[in-house]
1. Quick one: which of E106, E88 is over 15 Å from F56 (Cβ atoms), modelled with pLDDT of 95 or more, of a type in the set (D, E) and not in a strand (DSSP E or B)?
2. Return the total of residues in segment 16-28 being surrounded by 19 or more Cβ atoms within 10 Å (Cβ to Cβ) and among the aliphatic types (A, V, I, L, M).
3. Just wondering, is there one or more residues in segment 48-67 that are of a type outside the set (A, V, I, L, M) and closer than 18 Å to R18 by Cβ?
4. Checking C117 against (1) out of contact with any Asp or Glu (no Cβ under 6 Å at 6 or more places or on another chain); (2) closer than 18 Å to A8 by Cβ; (3) part of a helix (DSSP H, G or I); (4) touching a residue at least 40 places away in the same chain (Cβ under 8 Å), which single condition isn't satisfied?
5. Check off (1) of a type outside the set (A, V, I, L, M); (2) more than 20 Å from R127 (Cβ to Cβ); (3) part of a helix (DSSP H, G or I); (4) touching a Leu at 6+ places or on another chain (Cβ under 9 Å) for C112 and give me the number that stays unchecked.
6. I52 is checked against (1) modelled with pLDDT under 95; (2) surrounded by 15 or more Cβ atoms within 10 Å (Cβ to Cβ); (3) among the β-branched types (V, I, T); (4) touching an Asp or Glu at 6+ places or on another chain (Cβ under 8 Å) and fails just one. What number does that condition carry?
7. From A38, A4, which residue is surrounded by 18 or more Cβ atoms within 10 Å (Cβ to Cβ), over 28 Å from G125 (Cα atoms) and touching a Leu at 6+ places or on another chain (Cβ under 8 Å)?
8. Going residue by residue through segment 9-28, is there one that turns out to be hydrophobic (A, V, I, L, M, F, W, C), closer than 18 Å to A121 by Cβ and in contact (Cβ under 8 Å) with a residue 12 or more places away in the chain?
Amino acid sequence: MPAAVDSAFELAFWFCDRALNDNEYLQPIKLHYLMFLAQAYYATAYQGKKLIPAIFIAEEVGPIEPSVFRAWSLGRPKFEGKNTINEEATIFADSVWKRFGHHSVEHLAKFCRKTPCYLTALDRGRRAEIRLSEMISSFSKSQNAPAVDQVVKPKVMRSHKGRAVEVKGWTPPKVKTDK
């Protein structure tokens, strides 16, 4: 299943630009926490689909995406070319930003480091991959994390009679096969 965004860098640049638009400095580690939360909530909301084609690993500071970590080690890198994400991913990332962007780095660090998926990966060893299936399990069942519907608000449009209706993309049901 393809990811909704072409690369992790595009989402990273989107979060950096969104912070600038809100006159906020986005610390590099906070960027990783936001990307991790976006990936986890997206996979939870969309039955295992990835928001970005990336992995997250467990480090002492919390979950990080190693390629973005390396690229941002000296600050925001220069990037030649078009840097855009599609409307669906923009709406989703904006929801994550509105829910978590105002929190301090310390608050997000404490929150992310308490997630079961991070703790499980850290038990496997430093720099162990945080599996997407573990993220989904952690964020769909956790009592410590906000539910998906508290992070991602449904899209509301008007019916032909002017009544507000929730709109979401159709997802076909999973079919069980007998083998």
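The values are calculated or read from the model by the stated rules, or taken from the named source; none is laboratory data. Predicted model, so just to flag it, every value in this text is computed and none were measured. Please note: Cβ atoms are built from the backbone with ideal geometry, for glycine as well, and neighbour counts cover all protein chains shown.
1. Values: E88 fails: modelled with pLDDT of 95 or more.
Exactly one of E106, E88 is over 15 Å from F56 (Cβ atoms), modelled with pLDDT of 95 or more, of a type in the set (D, E) and not in a strand (DSSP E or B), namely E106.
2. 1
3. Of all residues in segment 48-67, those of a type outside the set (A, V, I, L, M) come to 48-50, 53, 56, 59-60, 62-63, 65-67.
Right, trim to closer than 18 Å to R18 by Cβ and you get 65.
Within segment 48-67, one or more residues are of a type outside the set (A, V, I, L, M) and closer than 18 Å to R18 by Cβ.
4. Result: C117 fails condition (1) only.
5. Among (1) of a type outside the set (A, V, I, L, M); (2) more than 20 Å from R127 (Cβ to Cβ); (3) part of a helix (DSSP H, G or I); (4) touching a Leu at 6+ places or on another chain (Cβ under 9 Å), C112 violates only (2).
6. Among (1) modelled with pLDDT under 95; (2) surrounded by 15 or more Cβ atoms within 10 Å (Cβ to Cβ); (3) among the β-branched types (V, I, T); (4) touching an Asp or Glu at 6+ places or on another chain (Cβ under 8 Å), the lone unmet condition for I52 is (1).
7. One residue alone meets the criteria, A4.
8. Kept after step one, since they are hydrophobic (A, V, I, L, M, F, W, C), are these residues of segment 9-28: 9, 11-16, 19-20, 26.
Subset that is closer than 18 Å to A121 by Cβ: none.
No, segment 9-28 has no match at all.
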